[in-house]
Amino acid sequence: MFRKSILFKLALGLSVIFLFGAVFLSWLVARQEEENRSDQIVRDLNSLKANSEVYIRHLLLLDGQNNDEDSYRRVAVEIVQELYQGNGCHAAAYTGVGELLYAMRPDLFEQAGTEDIRRAMEGTAAFTVFYPATGQMAVVFSMPVEVVEKNIGILRFWVDYSLLYRQGREAVDMVLKCCIAVFGVILVLIFMMLSKVLRPVRRLSGISRQVTDGLKEGRIEASALLAVGEERGADESGRLAEDMETMLRLLDQQFTKMRADRNRILELLNSRQEFYNLMTHELKTPLTVIQGYAGLLKTAGEDKELREKAAEHIGNESARLYQMVLQLLDMARHREDGEKTRVDLNRLAKSVVSAMEMRAGRYGMPFVFDMEEELYITAHEESIRQVLVNLLDNAIKYGKEGRPIRLAGQRTGNAVRLEVANDGDMTPEAAGRIFEPFYRVSKEESREKGSAGLGLSLCRKRMEEQGGEIAVRTGDGQVVFSLVFQGEGSHEEGD
């Protein structure tokens, strides 16, 4: 289709132009040849007229004839014969009024008409051109015979110019054939050059159709990129291929990004739906317990033990429900307003530990510090405090009683790492899901300790807001949570 729409149209257009040029050039050559032939005929006839006038005057003088029409009549036959022998052309003698006196071939003159005779009778030499047969051309020339400024008769000549005519026609035909041949060769060469020049464009057009088909399905074929790369060269088509390759690679990057964004959005939508499903379930559980024990209180009567048990469960579930609502509200908050500040991570960790030492002491779980000095980060201090509170609370709830909780901090390059470790067991599956909302390693145990399963999910959200990372690793009977921040270099305290 591309070949037909471009090369075919170009070939057709050039053929028409070349044909028109050949015809026009041939017309110019034919016109010039005709003018040259006419000039040759006029020169020949002027020479014939001058020679004939001289001959007639000499003939009349030598024969002792008078310079009158009667004398001309008497020598008319001799004049015609002598002129034929001397010039090689047929002649005829007429009176001054156009009456034929003598002609060797009267039939030749009868073909030419009488226009030249009429003009000769008026005193003007004239000729008529006619074509007796195909490839033949003749000229009939009539001239008044004047002696001593007196018109005594008319001479008429029949001159054959067939050879000159055929030579002119052959020259014109040759020029036309040469033009057609030359233009044909030029057309073929141009067609070959255009075909070579447009070949990469045709291939790029095919690649473009392949890319278009791929774009309809939201993808770019790798083979299309490879094919475009093979077309790269130093000419315009090469630069076009290079630009097209760049465009396709950019499109491919955009499609990859769009697919990633789409998958991320779908993942978020699925996570959101799962979150709502879990939240509905988690809220429904304590409400069901509260409702059940509230109904039980109505029927307990004087059973003090049953009423105390029901009140205890209602209190526990209410506390867990209250904690869950607070954490949900906290997770729903937008990022903190205001600028981040310079935070001394060492000081902040010791402050949080000081607030939770009494609670950890109930289970014989001392805090052990192994932190470098001057660990400064840029963050919202309350968010980092909330993360540390949640991690230490988690370690107290699920760590082994009587075993220490360790806090280690160090600087690695421009990053600051803080680790919270406790003795405990966690499966790889649990470690992979620990940051999911409402996920609990041991649901029964967490309910007893008032856990809603949102603390670690909230920690991850806060760390992402601060541009940091949170991770967990297990092994050798330990559970280690790692916090990584971008530090700001060492500073003297109080700077």
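Note on TRP27 and TYR84: the model spin-label points, each 7 Å out from Cα along the C-beta direction, lie 4.4 nm apart. Length gained on full extension, VAL389 to GLU312, computed as 0.36 nm times the residue gap minus the Cα-Cα distance: 25.1 nm.
Highest mean packing comes first when the peptides 176-189, 135-148 are listed by Cβ atoms within 10 Å, giving 135-148, 176-189.
Spin-label model, PHE8 to ASN263: label points 7 Å out along the Cα-to-beta-carbon direction sit 4.6 nm apart. Taking all protein chains as present, what is the carbon and sulfur share of the accessible area of region 23-154, in % to the nearest whole number, probe 1.4 Å? Exposed carbon and sulfur together represent 48 percent of the surface.
Each residue, ALA430 and VAL16, gets one label point 7 Å from its Cα in the Cβ direction; the gap between the two is 8.7 nm. A Förster radius of 45 Å, combined with the Cβ-Cβ distance separating VAL97 from TYR131, puts the computed FRET efficiency at roughly 0.95.
What does the extension gain come out to for THR124 and ALA471, with contour length at 0.36 nm per residue minus their alpha carbon separation? Display every interim value, and only then the final one.
Numbers: separation 347, 0.36 × 347 = 124.92 nm, distance 12.42 nm.
The THR124-ALA471 span can extend by a further 112.5 nm.
So which of LYS257/LYS461; LYS397/LYS461; LYS49/LYS150 end up more than 18 Å apart by C-alpha?
Values: LYS257/LYS461 23 Å; LYS397/LYS461 21 Å; LYS49/LYS150 16 Å.
Long pairs (Cα-Cα over 18 Å): LYS257/LYS461; LYS397/LYS461.
Packing around the peptides 468-477, 389-398, taken as the average count of other Cβ atoms within 10 Å per residue, puts them in this order, highest first: 389-398, 468-477. Cut-off 16 Å, label point 7 angstrom out along Cα-to-Cβ of ARG105: give me the residues of region 156-174 whose amide nitrogen falls inside. Inside the label zone: 156-165. Extension gain for ARG362-GLU35 works out to 104.6 nm (0.36 nm per residue, less the C-alpha to C-alpha distance).
The values are calculated or read from the model by the stated rules, or taken from the named source; none is laboratory data. All figures in this text were calculated on a predicted structure; none of them were measured in a lab. No Cβ is skipped: glycine too gets one built from the backbone with ideal geometry, and neighbour counts run over all protein chains shown. In case anyone asks, the SASA skips ligands and DNA or RNA and just uses the protein heavy atoms, side chains included. Shrake-Rupley method; radii C 1.70, N 1.55, O 1.52, S 1.80 Å.
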